Structure formats: C-alpha cells, structure tokens
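Read the structure below first, then the notes.
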Amino acid sequence: MRTLRLLGIVLTAGLLASGAYGADFPAKPVKLIVTAAAGGGEDTEARAIAPFVEKHLGQSVVIENQPGAGGKIAFEKFQKLEPDGYTVITYTFPKSVIIEYQGKAGFRTRDFTPIFAWSRSSQLLVVNSESWRTFDEFLKAARAKPLAGGLSGRGSTTDLMGRIALDDFGIKANWVPYEGSAGSVAALAGKHLDFTICLATSAVNLIRAGRLRPLLLFSDKRDPYIPDVPIPADLGQKMTFIPTLRGVEAPPKTPAAVIKVLEDAFTKAAAEPAFIETAKKRQIVLQPVSSKEFAQAVADVYPRIARFQDVLKQ
Amino acid sequence: MDVVQHALLFVLQWQNLAALAGGTLCGILVGVLPGLGPSAGMALALPLVIKWHPATALIFLGALYKCSNYGGSITAILVNTPGDASNAATLLDGYPMCQQGRGGVALGLSATSAMVGGTIGMICLIVAAPPLAEFALKFGPAEYFLTALLALSIIAAVVQGATIKGLISAGLGLLLSTVGFDVITGQLRYTFDWAPLEDGIPLIQALVGLFAVTQAFVLAQSNESISRIARLSGGFWEGVLTYFRHPAAIVRASTIGLLVGVLPAVGQSSAGLLAWAEAKRSSRHPEKFGHGSTEGVLASETATNACMPGDLVCTIALGIPGSLGAAIFLGVMIIFGVAPGPLVFTEKADIIYALFVALVLTSFLLFVIGMLFARRLAVITLLPNEVIVPMILVVSLLGSFAIRNEMADVLISLAFGALGYVMLKGGFTPIPLLLGLVLGEMVETNYHRALMISGGSYTIFYDSIISKVLIALTVLSLAGPYLGPFWKTLTQGEK
C-alpha cells in the first residue's frame, strides 16, 4: 500500500515537473491581460490578434482588462504571478518603463519575460496647414521664438520623443500638456497651438482633409500609410528614437520552453492574412519583433528614458 | 435631400432594421448593467459584426452607443444606481419620484426625453455638423477655462437656501478633483502611494457610493419598500404628457446637452448635471428639485440624450473624439472603411446618412421599448427592503468592480457611501460636490494651458469674442439671483 502511494506521489510529481517545463503546455485557456480599458488602441489590437493566437495555440485566449493607474496596478500584480505561461500581458512598450521612473513602482519591466511584439508606431510632428509648408520653415520659425507645442500625456512616449527630438534640433518650445492626443490635435486644428507631436493615427483624418500638415516622422523608416512624410535621416539628421511596440510578455522567470510555444503561436498569428488585413484597415504598422529582439529593446530603452528622468520629475 | 431619401430606403431593408433593433436592445442592456458602459459594449460586440456590410454594422454599433444612456436612466430612477456617469443627475429626482410611488411617471419622462432629446440632437447633427465642428474648434484652453467657470457659477443657483453647506460640498468636490495624476506637472497628488487613486477619483465608483450605497444604508434602517406608499400612482403616459407641458425647458436642456456634446473637452457626464442645475434656476418651483420634480428628470435626461449626437459632431466631421465612447466609435468607423473627417460627407455620404437616419429611428424605437417594458419594471419599487437592499448593493458594487476589474474600487464606493450617508444626515446636498468633481480638472488644466500658450499673459482670457460672451454670461449667472429682486424694487417700488 505504502509503495503504491509513494509511486503515486512520484508519478504526480513527475507529471507536474514535465508540465512546468512546457512539454504539455498549454493544457488550459491562457489569460491575456490588457493594461487599458476595453475599446482603446491596446485593447482593439489584443482582440484583433487573439482569435489567431487561439488557432495556433490550440487553447482559448481570455482577455481581461486591468486599466487602473495607466496599467501600473496590472504590472504590479503581474510581477508576482506564477511563471507558468497561463497569464500573459500586452501593453504599449515602453509605457511600463516610464511608470517605473514616475514614482514608486512595485515591478521591473526588465524582469518580465518578452514573448513577441507585432506592431510599432512612430511619433509625427504636425502643424496647421495654414502655417509652415516644410520642416525647414518650421525650424527657422521655432528658432526665432518659442512656439506653443501640444503634447499628449505628461511622461508618455509622445512626451519623451517630443522633448528628445526638439532637444536634438536645438529648439526650445512652450510645452502644453494634454491628457490625450484628441485634445492637442483639436487645439492645433483650431490654431490655438503652433504644432503638436502625436502618433500618426491620431491626426491622419485631418491630414487627409488638408487641415493639418505632417512635417516629420520620428523613425528610421518611412510610414507606409503616409509615405510622403520625411524622416530625420532624409534631412541628414542623426537621432535616437524610442521604439513604441505593441507586444506581449510573460511573468518574470517563465521557462524558455513555455516562451517558445507562446512565441511560435503569436508569430504565426501575426502572419495570418486576415490579421494583416485588419491591421491595414486600422493603419497599424506591422513589424514582427522576436522575443530576443524584444529583450534587446527593453535593455536599450532604460538608458534613453533615464536621460530624460529629470524632465519627467520636473 | 436625395441622399437622405436614399438612406431611408436603405435603412428600411430588413437586415438593417434588424441591426437597428438589435443594437438598440443591446445598448439598453449595456446601459442597465452598471460597470458595462457603451465603450465596453461596442468593444465586445465588434467581433460579432465585423463580417457584416459596413453600413449595417455601423447602424448596430451606433444604436448600441446611442441607447446605452437610456438604459442607465432606468436603473438610476428605480434603484438609485446610475448605469453610467451621464445619468448622475437623473437619479436626483427620478429616485425620489419612485419613493412617492410615481416610478412609472418617471420612466415615461425618461423614455420621452430619450426620444425628443435624441431626435433634436440628431437633427442638429444632420443639418449642421460641419459648422458646429468649426465652432467647437474655436474653443481653445482659455475658452474652455471660461466655459468651466460658467458651469461652476451655476452652483450658486443650486445652493440657494443652504448656501454655506452647498459651498462646503462644492469645495469638497473641487478638492477631490485634484486627487491623482496631474496632467500639467506630471506629479501624483494625494494618492498616498495607493495606485487605484492615480487616475483620480473614479467617477462612476464615487457615484455608486454616493447614491446607491448611501441609499441602501438608508433603506436598511426602515422596514418599508423604496416606494413609501404601498401602491403606484400615475403611469407611463402621465409622464409622457407631463413632458410636453414644458417646451421651454426642453429647448434649454437640449441646447445645453448639445453644446456639452459638441465641445470635445467638456466631459459628457456634466451635460445632465448642468441642465438639471439650469432647470432648477429657471423653474417656478425650484424647491421641488431633488424631491421628485418632473422638470428635474426632464432636464437631465433630455440633455444627456442630446449630448450623444453632439458628441458625434466632432467625431464624424473632424475625426476628433470628445469622449472614450466616441473614440471607440471612431475606431470602429475606420475599421469599416469610413474614415471620419471633413471629407466623409462627400466620400461616404451613403453610409453616413444611412447611419444618421438609423440613429433618428432608434430614438423612436427606444420610446416604444420603454413603453412596452420599462413601465412594468416600476413594480420593483414595491418590493420589501430585505429583498431590494441586498440586490442594490450586489448590483452596484459588482458594477463598481467590473469597470476596472479592481477590488479597490469597491472600497472606494463604500467610502463614498459612508460620506454620502454623513452628508445626508447633516443636510448637505451631493450635487455641488459632483459638479466640483466633474469640472475641477477642466478649470485647472485649461487655466494652466492658456497661460503656457500665452507665455504668462492674462490677455488670452478675454481676447476672443467667445471669451467675452462667456465672461458676460458668468457675471450674469452669479449676479442674476440678486439682480432679479433689485430690478423688481426699481420698477415696482418697495413693497
């Protein structure tokens, strides 16, 4: 009897161990935490890719929205989760790194285990179409006197990129912070501001209608949806960019075998024609980023954000 | 007109009518469930409609978006729990009406408000969206600051009679509005390192506490039912008839609602509150407000329903969303290949006008649904307290939790429930607190933005014509209560 029971324990332990090492992963539904409210950009991208991930993972993907404190609450809970791969998180990187610098935070983005990222976005310098026609004209005006520039979200990637960019060009501006880009884009269209920096998708409708004019895209590649807009390299300017990625990560210390399964499923999902079609309609710039490249991006971004730490705390 | 006729014929096809009815019902359901707002509703429904014809899908989601408000008014009236922040002002008079056994009348009022307010708003959207959007763009930070001041000045009218207690309540609201992440400086204020407060005091959670939880405490003390008399008096149609006896109030409330909706930076939740306060100011029976005034329900609901189409003005004509719900609707339009912006009225005229016609029709459909179902719901106000109190607490706290999937929000609601109870016992009204909470950030951030743009010069606050008009209105609103008697003395002599 005793030997049988012992055998049972050994067998169970063996099964558990193999489970933990990913041999039969995933054996139950995977929870995908979205660090924003249902319906926003992060949420719609997560909901767009989830059905395709289900297809390649062979398990259902359950989305849970945890938008509190810009995602901070979700990140803090995530740091302490069991690293079994059954709960993963999606957000706009490097939002979490910025939160770490803003105040006390009970998590470290560099501890999370990157899985995959599928899209990137870049910031755009936009002016009212009744003002400057080219970036050179804008630069001249901005050097003559400080212009009023709108930024969305103090401490956001838009905010940081705007400050870094204008610093690189040697421009000083009167920064006017807004909660989101809808506010700053509206104020620019109404000529209350001289320029604004925002994601291309936030301004594209008014650009198409000829009300706003994009002057420069802060990226090392042109945006396929607005191919005429120059990038700093076209103007002979060398700049460092903060990459803005939408992707998915696992809790700290998740085993490599589990990550491999998840990364494969997400990579295949992002290559599905139906997903690419949806992304095109929303003007999402798709760019597959592997777990290794994602980890590199995380490591790279810390010193860049640290450079503007004083600005964030000002 | 050709294009509208075309759109009408398109909407009358069976699949579009079905989408319209389905969207309307889903919208009401989403509104009834606290914690599930139009934004989450649209996000959840999107996979269902993604393969449909773009116009049909937009009709479904548009109806869902527009009708959620009405659903929220039902719970606000019957159980004092707002479905969404925009229904806050409805419970001020709707619930007291239930206590007097007149829940059916209140539901008739809110259904009629949804029909009339929604239709007026939609007509303005259809005929004047581009000029209204241009008007909204003229509002910069200085104008928004002055608009918020004007709105705050209405508190003066609300607190008449109990000025000191009213001002204490308003001050508390303004103080609470400073909690959380400060957009201008990027600092966290008064959060005591507690993350759930970093977004500021969450509005719906606070409302659930101030009204539903407080009410549950009050009900738990007595051995009665919500309706203090054992039978219901007056029905749905009495509410409908009462509604049309106040044409001037309807026009005022729709105008306020529409303007709040059109201006992207003015929070939607303030539409009902402002219309309610303005109705109280101009009413012949201001003392009845807050104690079951039919005019109060009328003003709040008419404004809220006119606000939704107003919100779509800038969303569709410029591609600039004025609220979270509008932002999601904008995203949905893009997915279906209807990119909003000034060009949409020519490029995608067929789809846009079909959507508009459908949204007008849903206003009438709402009324019919209200007539069929909502009035029967009034019976729940006769349920004994030992049944209804646990129900209110469960539903409202569940809603509070569901918004962010956050247990801390339940604590916030309970804390506001305790605050509401203390205020009630002390004779304080929560309305000024709500107005302060809703408008505080708008006043503060836009004041800073205006000065940042002008480089510190105060002339920005009175340069434009809009600013001058807003200043004049604010002065009038503050001095009005004193000018009236003064004018009487001048013309009729001392009594």
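Below is a table of values for the structure above.
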{"read-out": "Charged-residue dipole, Cβ positions (Lys, Arg, Asp, Glu), the protein assembly as shown about Cα centre, Debye nearest 20", "value": "420 debye"}
{"read-out": "Peptides B:262-269, B:63-70 ordered by average Cβ neighbours within 10 Å, highest first", "value": "B:63-70, B:262-269"}
{"read-out": "Normalised contact order of region A:98-228, rounded percent, pairs of Cα under 8 Å and 6 or more residues apart", "value": "36 percent"}
{"read-out": "Selected from A:Ala250, A:Leu212, A:Ser290, residue furthest toward positive end of dipole (region A:199-314; charges at beta carbon)", "value": "A:Leu212"}
{"read-out": "Anisotropy class of region B:372-495 from Cα gyration tensor, a/c 1.5 cut", "value": "oblate"}
{"read-out": "Mean residue ellipticity (222 nm) of the protein assembly as shown, computed from DSSP H runs ≥ 4 via -39,500 (n - 2.57), nearest 500", "value": "-19500 deg cm²/dmol"}
{"read-out": "Peptide-level mean, for A:201-208, of C-beta atoms on other protein chains within 10 Å", "value": "5"}
{"read-out": "Contact order relative to length of chain B, as percent, for alpha carbon pairs under 8 angstrom and 6 or more apart", "value": "29 percent"}
{"read-out": "Inter-label distance, nm, simple model (7 Å from Cα along the C-beta direction), B:Ile50/B:Thr459", "value": "5.5 nm"}
{"read-out": "Whole-Å semi-axes of the ellipsoid equivalent to region B:426-495 (Cα gyration tensor, √5λ, descending)", "value": "32, 22, 7"}
{"read-out": "P(r) weight above 43 Å for the protein assembly as shown, C-alpha pairs, percent", "value": "30 percent"}
{"read-out": "Shielding by other protein chains, B:265-272, mean Cβ within 10 Å", "value": "1"}
{"read-out": "Cα Rg, Dmax (largest Cα-Cα span) when computed across region A:123-235, Å", "value": "12.5, 34"}
{"read-out": "Highest average packing first - A:24-30, A:98-104, Cβ atoms within 10 Å", "value": "A:98-104, A:24-30"}
{"read-out": "Ordering of B:473-479, B:302-308 by burial proxy (mean other Cβ atoms within 10 Å per residue, highest first)", "value": "B:302-308, B:473-479"}
{"read-out": "Spacing of the two label points (7 Å from each Cα toward its C-beta) at A:Ile171 and B:Ala21, in nm", "value": "5.7 nm"}
{"read-out": "Region A:151-181 versus region B:246-261: alpha-carbon centroid distance in Å", "value": "39 Å"}
{"read-out": "Between region A:49-125 and region B:288-341, the Cα center-to-center distance that results, in Å", "value": "31 Å"}
{"read-out": "Whether chain B is rounded, prolate or oblate, judged on the alpha carbon gyration tensor where a/c under 1.5 counts as rounded", "value": "rounded"}
{"read-out": "FRET efficiency for B:Ala248 and A:Ile276, using Cβ-Cβ distance with R0 set to 56 Å, rounded to 0.05", "value": "0.50"}
{"read-out": "Number of partner chain Cβ atoms within 10 Å, mean per residue of A:150-160", "value": "2"}
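No value in this document is a laboratory result; all are computed from the given coordinates. Just so you know, these numbers come straight off a predicted model, no measurement behind them. A quick note on method: Cβ atoms are made from the backbone with ideal geometry, for glycine too, and the neighbour counts reach across all protein chains shown.
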